[in-house]
Amino acid sequence: MESLRSAEVRTKTLVENEGGEGVAMYQFSRAIYRDLAPYIDVPRSNHEHVLHACEAAIERLATDRYYFAKPEKSLFYDIRGFFPMNAQERVYQVVYCYMGLAQQYMTENPLEGYAAVSGKQPMCRATTRKGAACQRVPLPHNGYCPSHQHLADTEDRLAA
Ligand SMILES: [Zn+2]
């Protein structure tokens, strides 16, 4: 009980203290948790697991979305075990709905979403010839800076 309350307070504090876009990102995980909380199976400690899984999925979506292939599927499989059989359909619908909205938000506000969750500005995904991470600001649509756009083209060819 106590640990559940502290998790809720932590999330609430985060949303209230951070201005701007950070609020929006954590609102998605809070919304999923809030909608599903009445269906979570016993014991009570399951609540904390579900809330943390939702937050982790949103954080990963904001900071690592190019390598996070199916966020809604991933979150559904992470939390479905905390719900009874007759609530699975509901869990599926809520997760797919909010994760879809979160992905849409990240597509429209990729740099803001990243900065809000990580507290840092996003950096280009490439590694320089000296082996260090490229420090330049990436373009929102593929996460590479203007000098490393050719890597995004290579990726597209490999994926095709
Ligand atoms: Zn770069």
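The values are calculated or read from the model by the stated rules, or taken from the named source; none is laboratory data. Note that the structure is predicted; figures quoted are calculated from it, not measured. In this analysis, Cβ positions are derived from the backbone assuming ideal geometry, glycine residues included, and neighbour counts consider all displayed protein chains.
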Legend entry - Residue list for the stretch 110-130, restricted to those being of a type in the set (S, T, N, Q), within 13 Å of the ligand (Cβ to nearest atom) and in a loop (DSSP other than H, G, I, E, B): THR128
Inset, instruction - Could you figure out which of (1) of a type in the set (Gly, Ala, Ser); (2) within 30 Å of THR154 (Cα to Cα); (3) in contact (Cβ under 8 Å) with a residue 24 or more places away in the chain isn't true of ALA53? - result: (2)
Inset, instruction - Please list, ordered by first then second residue, the pairs with beta carbon atoms under 7 Å, 6 or more apart or interchain, first in the stretch 131-156 and near the ligand (Cβ under 10 Å from one of its atoms), second in a helix (DSSP H, G or I). - result: CYS134/HIS148; ARG136/SER147; LEU139/PRO146; GLY143/TYR66; TYR144/LEU151; TYR144/ALA152
Inset, instruction - Report yes if some residue within the stretch 114-130 is modelled with pLDDT of 85 or more, touching a Gly at 6+ places or on another chain (Cβ under 7 Å), among the basic types (Lys, Arg) and within 14 Å of THR63 (Cα to Cα); otherwise report no. - result: yes
Legend entry - Within the stretch 54-73, tally of residues that are closer than 11 Å to PRO110 by Cα and hydrophobic (A, V, I, L, M, F, W, C): 2
